[in-house]
1. Which condition from (1) closer than 24 Å to W107 by Cα; (2) surrounded by fewer than 13 Cβ atoms within 10 Å (Cβ to Cβ); (3) without any contact (Cβ under 8 Å) to a residue 40 or more places away in the chain is the one that E17 breaks?
2. Go through the residues of region 77-87 one by one and say whether even a single one is modelled with pLDDT of 95 or more and of a type in the set (K, R).
3. Based on what the data block shows, is G90 loosely packed, with under 14 Cβ neighbours inside 10 Å and at pLDDT below 95?
4. Tell me, which residue of region 105-156 that is farther than 20 Å from V71 by Cβ and of a type in the set (A, V, I, L, M, F, W, C) is modelled with the highest pLDDT?
5. Let me confirm something: among C100, C46, which residue is at negative phi and free of Cβ contacts under 8 Å to residues at least 40 places away in the same chain?
6. Sort out which residues of region 102-131 are in a helix (DSSP H, G or I), open to solvent by less than 40 Å² (accessible area, probe 1.4 Å) and touching a helix residue (DSSP H, G or I) at 6+ places or on another chain (Cβ under 8 Å), and write them in order of number.
7. Exactly one of (1) surrounded by 15 or more Cβ atoms within 10 Å (Cβ to Cβ); (2) at pLDDT 95 or above is unmet by D39. Its number?
8. Would you be able to say whether some residue in region 47-69 is at pLDDT 95 or above, of a type in the set (S, T, N, Q) and within 19 Å of G90 (Cα to Cα)?
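The values are calculated or read from the model by the stated rules, or taken from the named source; none is laboratory data. Worth saying up front: this structure is predicted, and the values here are computed from it rather than measured. Here the Cβ positions follow ideal geometry from the backbone for every residue, glycine too, while neighbour counts run over all protein chains shown. Accessible surface areas use protein heavy atoms only, side chains included; no ligands, DNA or RNA. Shrake-Rupley method; radii C 1.70, N 1.55, O 1.52, S 1.80 Å.
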Amino acid sequence: RAVGLDGVPAFCRMSREASGCEVWEQDLCALDLPAERFDGIFCNACLFHLPRAALPGALASLRHALRPHGVLFVSNAHGFGQDKEGWTDGRTATTRSYVCWLSEETWLATCEAAGLSLLDKFYRPPGRPRAHQPFLATVWRKEAAPPTAAHEPRDE
């Protein structure tokens, strides 16, 4: 059974009414998700609105919520080879959006550090030159064991 998640109360209400599904209101920077609840999680055009420093925690929470061998789909606007973040003009003249555009290399490394294994990646929309594909879609699988922290070598 599908479960939705959004940080805006009005969007949660609208989603519940339109879908009849359970919809949780949560902040992406402070997710509180049940352990191993989902076989798959779909994050479309949302994680790139988090500060880069919040991404490891959000990815850890999403990984925690996946069942063993569960799949995470993420599509984000990317940085066309650069890492940039900050406020930008929104979709209307009176709005602004916080964005964290990461290069493919940085995004892949961030997800791998969270203990996710890459299954697939592709740029969207399809059929256009890369310069006109602003979204990088990645598909990840939760590894069976949690990531281990790197340890400093001991002096012996």
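1. (1)
2. Yes, some residue in region 77-87 is modelled with pLDDT of 95 or more and of a type in the set (K, R).
3. Values: loosely packed, with under 14 Cβ neighbours inside 10 Å: yes; at pLDDT below 95: yes.
The answer is yes for G90.
4. The qualifying residue modelled with the highest pLDDT is A131.
5. C46
6. Once the filter is applied, which keeps residues that are in a helix (DSSP H, G or I), open to solvent by less than 40 Å² (accessible area, probe 1.4 Å) and touching a helix residue (DSSP H, G or I) at 6+ places or on another chain (Cβ under 8 Å), region 102-131 yields T110, C111.
7. In the conditions (1) surrounded by 15 or more Cβ atoms within 10 Å (Cβ to Cβ); (2) at pLDDT 95 or above, D39 misses (1) alone.
8. no
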